[in-house]
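Data first, discussion second: the structure below is written as structure tokens.
The values are calculated or read from the model by the stated rules, or taken from the named source; none is laboratory data. On a predicted model such as this, the values are computed, not experimentally measured, just so you know. Neighbour counts run over all protein chains shown; Cβ positions are idealised from the backbone, glycine included. Note: accessible area is taken over every heavy atom of the protein model, side chains too, but ligands, DNA and RNA are not part of it. Shrake-Rupley method; radii C 1.70, N 1.55, O 1.52, S 1.80 Å.
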Amino acid sequence: MKLPILAAALALSAVSAPALAQDATGLWLTQTNGGQVEISRCGNSLCGKLVSSDHIKSDPTVKDAKNKDASLRNRPLKNMQMLYDFTGGPTKWTGGKVYNANDGGTYSGTITMTSPNELKLKGCIMAPLCKTEKWTRIK
């Protein structure tokens, strides 16, 4: 009698376990410039686009003026992809790239979930030259 109850409990925990896993997809508030980044799945990886920022709120047509590639300086910052190729999970994604519109640079990145509503984004020129930001989930 006890064996079927144990089997049922194990089956139930296996079904509910993914719901408890942390998920980096969603809308996040960055630590700088009032940025809002929407992280989503792009195939087998995570990517993120800049939905809003203080700059976008003051001028929705603001361009990527500091991009190191002059041919990209006329693209709008709004909805620009700034995170791409992050793989791994469920709490840490590595191997990604982070574009920083403030200096026009692209950096190696890591995303680490520290809680369901907080993550750390680390961008590096090369170790140990890195910067880490704490982002808070909006939704």
Which lysines does K78 reach when only Cα atoms under 16 Å apart count, and residues fewer than 8 places away in its own chain are ignored? K49, K57, K63, K66
How large, in percent, is the carbon and sulfur part of the accessible surface of the range 28-88 at a probe radius of 1.4 Å? 49 percent
Gain upon complete extension [L27, M126; 0.36 nm per residue less C-alpha separation]: 32.9 nm
So how far apart, in nm, are the two label points at E133 and T87 if each is 7 Å from Cα heading toward Cβ? 2.5 nm
Give me the 1.4 Å probe accessible area per residue for the range 41-139, excluding ligands and nucleic acids, in Å². 59 Å²
To the nearest 20 debye, what is the magnitude of the charge dipole of the range 33-139 about its Cα centre, counting +1 on the Cβ of each Lys and Arg and -1 on the Cβ of each Asp and Glu? 80 debye
Using the Cα centre as the reference, give the magnitude of the dipole from point charges on the C-beta atoms of the range 59-110 (Lys, Arg: +1; Asp, Glu: -1; all else neutral), rounded to the nearest 20 debye. 40 debye
